[in-house]
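The values are calculated or read from the model by the stated rules, or taken from the named source; none is laboratory data. All figures in this text were calculated on a predicted structure; none of them were measured in a lab. So basically every Cβ, Gly included, is an ideal-geometry build from the backbone, and we count neighbours across all protein chains shown. For the accessible areas, the whole protein counts, side chains as well, though only heavy atoms, and no ligand, DNA or RNA atoms are used. Shrake-Rupley method; radii C 1.70, N 1.55, O 1.52, S 1.80 Å.
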Amino acid sequence: MKFSSFVIRRSAFAIGVLIGVSLLVFVITRSLGDPVTPYITHTTPKSAVELIRAKYHLDEPIYVQYAYWLWGLLQGDLGLSPTYGYAPIAELLLTYLPVTAELGIYTIVISVPVALWLGTVSARNKDKTPDHLSRVFSIAGWSMPQFVMGLLLMYVMYSAHLLEVSPTFNFNRVTGMPTFDAILAGDLSGFVDAWRYLIGALIVMVWTNVAIMARVLRSSLIEEMGKDYVTTARAKGVNESAVMIRHARKNALISFITIAGVSAGFWLSGSVIIETVFNRLGIGLLAASAATHYDSALVLGFVLLTGVIMVTANFIADILYAHFDPRIRLGE
Amino acid sequence: MPDSRTATQFSELRRTLSPQLREARRRFEAILERPLSVLGLALVILYLVLALAAPLLAPPPPDSYDPYLIPKVVTVGPQPPSYEHPFGTSGPQFYCDVFYGVVWGSRMSQLIALSVVGISLIIGILVGAIAGYSGGLIDEALMRTTDVFFSLPGLVLAMALILALGRSVSTVIVAIAIVWWPGYARLLRGEFLRLKNELFVEAARAIGVSDLKIVFKHIVPNAIFPVLVVGAMDVGTVVLVASGLGFLGIGAVPGTAEWGVLISVSRNWLLQGAWWSTVFPGMAIFTFVLGWTLLGDGLRDILDPRTLRAV
């Protein structure tokens, strides 16, 4: 299959999944009660209710209602949030997104090299002490709930005055990411504060990510090391570390791409937990507090955004994968 | 003479099963040779015992109508571990005895995890079997449905589902099960695709065995193994999600003996120094999940027929 037709097929699939996600959210929305309720109060006269129902097309057949609802979504209409003074949900999500994005950016920038190093070390020393240590680190990383890890870290770091849970920043909001805004404003103490606000959440996020990534890299490296081309390289007298880093790791890295989607999921569900622990004003905390206040429109807005991000991440990962490994699209 | 007939049947059964029994024993012994798997097995058994012995270890007060509601211990602030309250108390507003919460929480966690895995296994096996055996449009429709579920992280989707279902332990179970089944469905479908053209299936079809019987008597028993192993590993993961929901305050109601809820109700006191109400339930979740992960990991390596001979 040609690369372009692979991209087209994969895009069609991504759009199909997004439609599915929107259907799922629509079903949940409608199961919450009469869709007209958000538009009326107890003083609205009975006669007006039917007019309002007609105005928002809520008297049409259900698939027409879905079409109107979807059309609204595409124009960025996610509804209003009662817990935030009836602010438009799309705007709320955009305002809170940068803090979550900041955490995601640093997580990727730090996790990938750390996982590369850890995965290589444990593959090179398979079933020896470094491998066992890395296994313990990984198993602990995914058996320990993120909120427990976060709370314990917070307890220790807060006692040592390393952590800030509700800082006040004096610099202007430009990107919405405190560490970057502080640099732009040239505010050194603000920069330090922004890092004290970030560091706890970052450690938890990096730990869980590295735990998965390093294991995946380790197993694909070990698999590559058993292949014929590696034996050939060894037979030619290439030394062991060059075989691993210059030959096997390049191929093992391809499998690394596949966990991008998993990482995106970790980032989003992790942000709900971690932002709640460290009081970081991102979309995760927004969704978690909306859920405790029964603000269903806001939670569902977050679910939709999550779906879009996940589908995009998986799409990009698959395209990269097919680019680096042509067997994928030929096998289709 | 029903007795002697049962006896003959039994010895006959044992003879036909003897290769399997030998195999099972070899596999079990292989588990015992791996220290990490032994640790996992020990932890799993420990929590099983803890759950069964909960009424003895932390007897609910006589007037309690629901043992999963932690009896109140009213103190000014959270109290550190003492002889009377080995894991301390949580203090205002819910005044929980942490030891009681941890002990009954182990029962609660196993109740949640086993129900979720059980329900999702049933749905997943049914859907996977239908998709894998029928193929074509039905298969396509079912698999695209699972794709939708896979595009949302479990915790996020469960949060949204709980909105629609309401907040209680049973809705947490239902919500997580709805999130969980697609994994099993896909796995089983893959096994079905591998098996459905095998000779023994062809043979059954040739002698006129009905589709239903082919699926559930011939293919499912051969395909179910990897699904069950993943199910065992998931027992821990389900508890991670459930306790996460409890911690966020959208799972079981505050005051319930659930580890995540217990941590959530005492969170405000942590930075004042009340470490015990986070550390004890937190370590309970960690060791519980660790146990099932290690055991599942060991099971996967040992029970996989392809690696068995190498063990």
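Structure values in brief
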{"item": "Solvent exposure of the range A:187-266 as accessible area per residue, Å², 1.4 Å probe", "result": "44"}
{"item": "Full-stretch length increase - residue B:126, residue B:13 - with 0.36 nm per residue and alpha-carbon distance subtracted", "result": "37.8 nm"}
{"item": "Estimated dipole of the protein assembly as shown in Debye, rounded to 20 [Cβ of Lys and Arg +1, of Asp and Glu -1, Cα centre]", "result": "1880"}
{"item": "Spin-label pair residue B:64/residue A:195, simplified geometry with 7 Å Cα→Cβ offset, distance in nm", "result": "4.9"}
{"item": "Buried on assembly, the range A:301-326 (at least 50 Å² less accessible surface than by itself, 1.4 Å probe)", "result": "A:303"}
{"item": "Pairwise label distance in nanometres, residue B:283 with residue A:258, each label 7 Å out on the Cα-Cβ vector", "result": "3.9"}
{"item": "Residue B:207/residue B:141 FRET efficiency (R0 41 Å; Cβ-Cβ; nearest 0.05)", "result": "0.85"}
{"item": "Interface A:B - total buried accessible surface [probe 1.4 Å, Å², rounded to 100]", "result": "3700"}
{"item": "Residue-normalised accessible area of the range B:175-225, expressed per residue, 1.4 Å probe, Å²", "result": "52"}
{"item": "Residue B:76/residue A:160 FRET efficiency (R0 30 Å; Cβ-Cβ; nearest 0.05)", "result": "0.65"}
{"item": "Loop-located chymotrypsin sites (Phe, Trp or Tyr not before Pro) in the range A:58-142 whose Cβ has at most 15 other Cβ within 10 Å (DSSP)", "result": "A:86"}
{"item": "For q = 0.14 Å⁻¹, Debye-computed log10 I/I(0) when each Cα of the range B:174-272 counts as one equal scatterer", "result": "-0.67"}
{"item": "Probe 1.4 Å, all protein chains present, accessible-area order of A:224, A:275, B:84, B:198, largest first", "result": "B:84, B:198, A:224, A:275"}
{"item": "CD proxy at 222 nm, helix term only [per DSSP H run n ≥ 4: -39500 (n - 2.57); per residue of the protein assembly as shown; nearest 500]", "result": "-24500 deg cm²/dmol"}
{"item": "Solvent-accessible area per residue for the range B:254-305 (1.4 angstrom probe, square angstrom)", "result": "30"}
{"item": "Electrostatic dipole magnitude of chain A [Cβ: Lys, Arg +1; Asp, Glu -1; Cα centre; debye, to 20]", "result": "1260"}
{"item": "Proximal charge balance of residue B:34 [Cβ under 10 Å; K/R count +1, D/E count -1]", "result": "-3"}
{"item": "Accessible surface of the protein assembly as shown, 1.4 Å probe, proportion on carbon and sulfur as whole %", "result": "66"}
{"item": "Residue A:81 long-range amide H proximity, modeled H, under 5 Å", "result": "A:86, A:87, A:89"}
{"item": "Convex hull projection area averaged over all views, the protein assembly as shown, Cα basis, nm²", "result": "39.5"}
{"item": "Gaussian network model of chain A, Cα within-10 Å springs - most flexible of A:231, A:100, A:276", "result": "A:231"}
{"item": "Size of electric dipole in the range A:90-182: Cβ of Lys, Arg +1 and of Asp, Glu -1, about Cα centre, debye, nearest 20", "result": "420"}
{"item": "Charge-dipole axis of the range B:92-211 as Lys and Arg at +1 and Asp and Glu at -1 on Cβ define it, positive-most pick from B:206, B:183, B:165", "result": "B:165"}
{"item": "Förster-model FRET efficiency, 56 Å R0, residue A:242 and residue A:57, C-beta, rounded to 0.05", "result": "0.25"}
{"item": "The range B:196-213 - phi-based ³J(HN,Hα) in whole Hz, Karplus 6.51/-1.76/1.60, Gly and Pro as x", "result": "5, 9, 5, 4, 5, 6, 4, 4, 4, 5, 5, 8, x, 6, 5, 4, 4, 6"}
{"item": "nm² value of the averaged projected area, convex hull over the Cα atoms of the range B:19-114", "result": "9.0"}
{"item": "Using alpha-carbon coordinates, inclination of helix A:129-143 to the longest axis of chain A, degrees", "result": "10"}
{"item": "Selected from B:204, B:30, B:232 as most flexible by GNM, with chain B as the system and alpha-carbon contacts under 10 Å", "result": "B:204"}
{"item": "Virtual spin-label span in nm between residue A:293 and residue A:172, 7 Å along Cα→Cβ", "result": "2.9"}
{"item": "Solvent accessible area, Å² - residue A:323, 1.4 Å probe, full protein context", "result": "110"}
{"item": "Global form of chain A, assessed from the alpha-carbon gyration tensor, a/c cut-off 1.5", "result": "oblate"}
{"item": "Probe 1.4 Å - accessible area at residue A:77, Å² to nearest ten", "result": "90"}
{"item": "Solvent accessible area, Å² - residue B:145, 1.4 Å probe, full protein context", "result": "60"}
{"item": "Listed residues A:174, B:209, B:102 arranged by accessible area, highest first, probe 1.4 Å", "result": "A:174, B:209, B:102"}
{"item": "Whole-Hz couplings from phi, Karplus 6.51/-1.76/1.60, listed for the range A:21-31; x for Gly and Pro", "result": "4, 5, 4, 4, 5, 4, 4, 5, 3, 6, 6"}
{"item": "Full-stretch length increase - residue B:217, residue B:52 - with 0.36 nm per residue and alpha-carbon distance subtracted", "result": "56.0 nm"}
{"item": "Dipole of the range A:210-332, positive end: most advanced residue of A:303, A:260, A:243 [Cβ charges, Cα centre]", "result": "A:243"}
